Amino acid sequence: MKQTTLHRTETNVSRILAKSGSISFMMNVAGVGLAVLMQVVLARLLGVVSYGYYAFVMTVITFVAFPANLGFDTAIVRFVSSYKADQLWGDVKGLLRRANQLTLLVSLVLMGISGVVIYVMYRNSGGEFYYTFLTALLIIPLMATATLRQSSLLALKEVLVAQLPEKVLRPVFCIVILYAYTVLFHVKAGAFEAMVIFVGSMLLSYLFGAWVLNRKLTPHTKGHPHRFQTKHWLSESTSLMVNSGMYLILGQLSVVMVGMMHGTSESGIFSAAVRIATMVSFAITSINMIAAPMISESYAKGDLKQMQKVCTLSGRSGFAFAGLVFLTILLLGQWILGLFGEEFKAGTTALILLSLSHLVHSYCGQSGTVMTMTGQQRASSRILMISTVLNVAFNLLLIPSLGMIGAALANLLSTAFCYFSMMYKVKRSMQIVTGVWMPGRIGSKS
């Protein structure tokens with residue numbers, strides 16, 4: 001009987017991961033393809049100089065926007081999954097309302113501070129770069145609240161509609177509007193025009209996503225009063241925000257530092273390489289959207305066998321795909337970069353090193369997710385802090401002499417330290433094996 005129950009549990013886990021994971025995977029395939037296509041269109045229409053402005057500003061704004069949601073994007077996945085299992089819909093309503101209120105408030109503050117800084121630094125220069133930067137400030141509240149909406153739908157296991165607005169609709173809107181603008185007005189678009197169009201595309205996709213979330217939530221939450229645990233939520237979310245910020249630094253800081261040390265044109269080329277390299281780990285990222293709430297639920301129930309099953313299946317699937325994409329980039333990386341323009345082929349070596357970083361990430365599986373979903377964010381924070389310091393130090397050391405290749409190498413070294421450390425920490429503390437084909441056993445909940 002026990003063996004039959006275990007087999008049934010494993011079958012259910014496999015079925016859920018296969019069904020929802022395949023939806024998430026296909027959505028991310030479409031999303032990555034459209035994202036790369038959008039960048040190719042932007043690079044070709046803008047040219048390497050204007051595209052460099054655009055890519056640099058987008059990277060900086062991403063850094064500015066990340067604190068806006070105070071870590072509630074990750075907290076929502078963790079808490080809503082648990083509340084949903086216990087039918088605590090009042091808590092779900094309270095969490096989402098408070099998260100959106102605080103996010104909007106912080107977004108407006110960040111916009112104001114950033115606007116003053118940009119005015120002081122660039123008002124005398126004026127021109128394309130200055131106005132592109134000012135326009136990009138509108139992205140902050142849209143990006144921050146959109147991540148909350150996406151996390152809410154993922155926690156409800158609405159995988160398709162959670163990702164549709166950002167993965168598909170936003171790049172499609174941007175590409176279509178940008179092409180229509182250049183054809184109708186017969187002008188060469190610059191970074192400023194591209195940023196205006198991107199902001200408009202974000203707004204359209206955001207409105208669609210908000211409408212979908214309201215339709216999905218209302219049948220469950222109607223009639224339930226809001227229940228607030230603001231202090232508890234903030235305590236957890238802010239520690240998660242620190243972790244998210246350091247993940248962002250590991251992934252994007254090099255783009256900014258290349259721009260500051262070697263100019264925005266090289267930063268634009270490096271940014272294109274960064275975007276292509278993410279294709280290596282996008283399978284594990286796609287599956288993670290399904291695995292994260294399952295890991296949270298398993299931990300809440302004390303079912304470490306189910307958690308191990310989730311980690312094993314998702315990790316191996318993600319790494320198998322990552323290996324295939326990595327080999328493709330090894331063979332066709334220069335040609336892929338050439339789609340952006342002839343100048344972008346200079347980023348081939350950096351692309352290979354960045355792709356290797358994502359292969360390492362995929363090999364280590366759900367290590368970071370397990371730590372986040374099981375309340376070990378303080379331990380992961382320590383690992384991320386060391387990795388971030390290493391990343392900054394290697395960037396400062398290597399970029400001046402090696403440029404974007406040095407930045408890619410810095411990314412590889414710090415990423416390897418980060419994910420291998422997390423993988424061994426999870427195995428030691430919980431006896432959960434996240435690494436692909438790494439020997440281990442399941443122990444007790446710690």
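Note the direction-averaged projected area, equal to a quarter of the hull surface, for the Cα convex hull of the chain, in nm².
Numbers: hull surface 85.6 nm².
Projected over every direction and averaged, the Cα hull of the chain covers 21.4 nm².
What net charge do the residues around Thr147 carry, taking every other residue with its C-beta under 11 Å from that of Thr147, with Lys and Arg at +1 and Asp and Glu at -1? Present the calculation step by step, with values, prior to reporting the outcome.
Working: positive: Arg149; negative: Asp73, Glu166.
Charge balance near Thr147 sits at -1.
For the pairs Lys167/Lys216; Lys84/Lys301; Lys216/Lys305, flag any whose C-alpha to C-alpha distance is greater than 21 Å. Please report the intermediate quantities before stating the final value.
Working: Lys167/Lys216 19 Å; Lys84/Lys301 13 Å; Lys216/Lys305 31 Å.
From Lys167/Lys216; Lys84/Lys301; Lys216/Lys305, over 21 Å: Lys216/Lys305.
When we measure straight from the Cα of Lys222, which aspartates and glutamates land under 13 angstrom away, once same-chain ones fewer than 8 places off are left out?
Those aspartates and glutamates meeting the cut-off are Asp91.
If each DSSP helix of 4+ residues adds -39,500 (n - 2.57) and the sum is divided by the residues in the chain, what number results at 222 nm, nearest 500 deg cm²/dmol? Numbers along the way, then the final one.
On the way: 16 runs with 370 residues, N = 446.
It lands at -29000 deg cm²/dmol.
If the cut-off is 19 Å between C-alpha atoms, which aspartates and glutamates fall inside it for Lys309, apart from same-chain ones fewer than 8 positions away?
Glu10, Glu297
What shape does segment 346-404 have by the C-alpha gyration tensor, where a ≥ b ≥ c are the square roots of the eigenvalues, rounded means a/c under 1.5, and otherwise prolate means a/b greater than b/c and oblate the rest? Show your work: numbers first, answer last.
On the way: a/c = 5.02, a/b = 1.66, b/c = 3.03.
Note, shape of segment 346-404 comes out oblate.
Starting with the highest mean, order 253-263, 200-210 by the number of other Cβ atoms within 10 Å, averaged over the residues of each peptide.
On the way: 253-263: 21.2, 200-210: 18.3.
Put in order of decreasing packing, that is 253-263, 200-210.
Suppose every Lys and Arg Cβ carries +1 and every Asp and Glu Cβ carries -1, with no other charges. What dipole size does segment 85-182 come out with about its Cα centre, to the nearest 20 debye?
Details: 8 positive and 5 negative charges, 20 e Å.
Charge dipole, segment 85-182, about its Cα centre: 100 debye, nearest 20.
Could you give P(r) for segment 173-222, binned at 5 Å from zero, as whole percent values over all Cα-Cα pairs?
Bins of 5 Å from zero give 4, 19, 21, 15, 11, 9, 8, 7, 4, 2, 0 percent of pairs.
Helix check for the chain. Which DSSP H runs span at least 27 Å along their own axis by Cα, with a mean Kyte-Doolittle hydropathy no less than 0.0? Please list the in-between numbers first.
On the way: long enough: 2-65 (64 Å, 0.89); 89-122 (48 Å, 1.05); 191-221 (44 Å, 0.89); 230-262 (44 Å, 0.61); 282-301 (29 Å, 0.74); 304-338 (47 Å, 1.01); 377-402 (36 Å, 1.08); 404-430 (39 Å, 0.78).
Span-like helices here: 2-65, 89-122, 191-221, 230-262, 282-301, 304-338, 377-402, 404-430.
Which value, to two decimals, describes the C-alpha radius of gyration of segment 238-350 once divided by 2.2 N^0.38 Å? Intermediate results must be reported in sequence, preceding the final value.
On the way: Rg = 17.9 Å, N = 113, 2.2 N^0.38 = 13.3 Å.
Segment 238-350 yields a ratio of 1.35.
Alpha carbon centre of segment 172-214 versus segment 36-101: separation in Å?
Value for the Cα centre distance between the two parts: 18 Å.
Each reported figure results from applying straightforward, stated rules to the coordinates on display, with no laboratory input. Just so it is clear, the structure is predicted and the values come from calculations on it, not from any experiment. Positions of Cβ are backbone-derived with ideal geometry, glycine not excepted, and every protein chain shown enters the neighbour counts.
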